[in-house]
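The structure appears below as structure tokens.
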Amino acid sequence: MNVAKLGDTIIKTGICNYGIKQYRLFLCTSTFLPGTGDYEDDPPIYDDQEIDCYCIWIEDMINVGNISAGAGYYEHLSDAIHAAESSAGFERWIN
């Protein structure tokens, strides 16, 4: 996926470091919260949900402008921010 495809869903951009390489982390809005798929979980946790939520995308360190990984979906903004700030290499928010 290309960073440009994230467009208006980006609400915060962070800078992360891996050794001497810097890359960006994007905190975005989403309307899709994936479920666990585990039949032993309760239906709200097991099933995918169409709700307002948040997700984190990580920029590729080599191919700048492309997304290399996702770092989870979160129902609450505070949880998404905490997860982003706790991710390895997180340095600071730039917006």
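The values are calculated or read from the model by the stated rules, or taken from the named source; none is laboratory data. Note that this is a predicted model, so its numbers are computed, not measured. Backbone-built Cβ (ideal geometry, glycine too); neighbour counts: all protein chains shown. Only protein heavy atoms, including side chains, enter the accessible area calculation; ligands, DNA and RNA are left aside. Shrake-Rupley method; radii C 1.70, N 1.55, O 1.52, S 1.80 Å.
Taken over the range 50-76, the criterion of being free of Cβ contacts under 8 Å to residues at least 40 places away in the same chain, over 9 Å from the mean Cα position of the chain (by Cα) and either over 16 Å from residue 15 (Cβ atoms) or outside any loop (DSSP other than H, G, I, E, B) (or both) is satisfied by 50, 51, 52, 53, 62, 63, 68, 76. When 29, 36 are checked against the criterion of being in contact with a Phe, Trp or Tyr (Cβ under 9 Å, 6 or more places away or on another chain), free of Cβ contacts under 8 Å to residues at least 40 places away in the same chain, in a loop (DSSP other than H, G, I, E, B) and open to solvent by 40 Å² or more (accessible area, probe 1.4 Å), 36 stands alone in meeting it. Test residue 23 against the criterion of being modelled with pLDDT of 90 or more, open to solvent by less than 50 Å² (accessible area, probe 1.4 Å) and in contact with an Asp or Glu (Cβ under 9 Å, 6 or more places away or on another chain), and give yes or no. Yes: the conditions hold for residue 23. Restricting to the range 12-28, name every residue that is farther than 10 Å from residue 67 by Cα, among the hydrophobic types (A, V, I, L, M, F, W, C) and under 11 Å from the mean Cα position of the chain (by Cα). Residues satisfying the conditions are 27, 28.
Residues that are touching a Gly at 6+ places or on another chain (Cβ under 8 Å) and either within 21 Å of residue 77 (Cα to Cα) or β-branched (Val, Ile, Thr) (or both) within the range 33-43 are absent altogether. Counting only residues that are open to solvent by 30 Å² or more (accessible area, probe 1.4 Å) and in a strand (DSSP E or B), the range 1-20 holds 6 of them.
The single residue among 79, 47 that is surrounded by 12 or more Cβ atoms within 10 Å (Cβ to Cβ), under 16 Å from the mean Cα position of the chain (by Cα) and of a type in the set (D, E, K, R) turns out to be 79.
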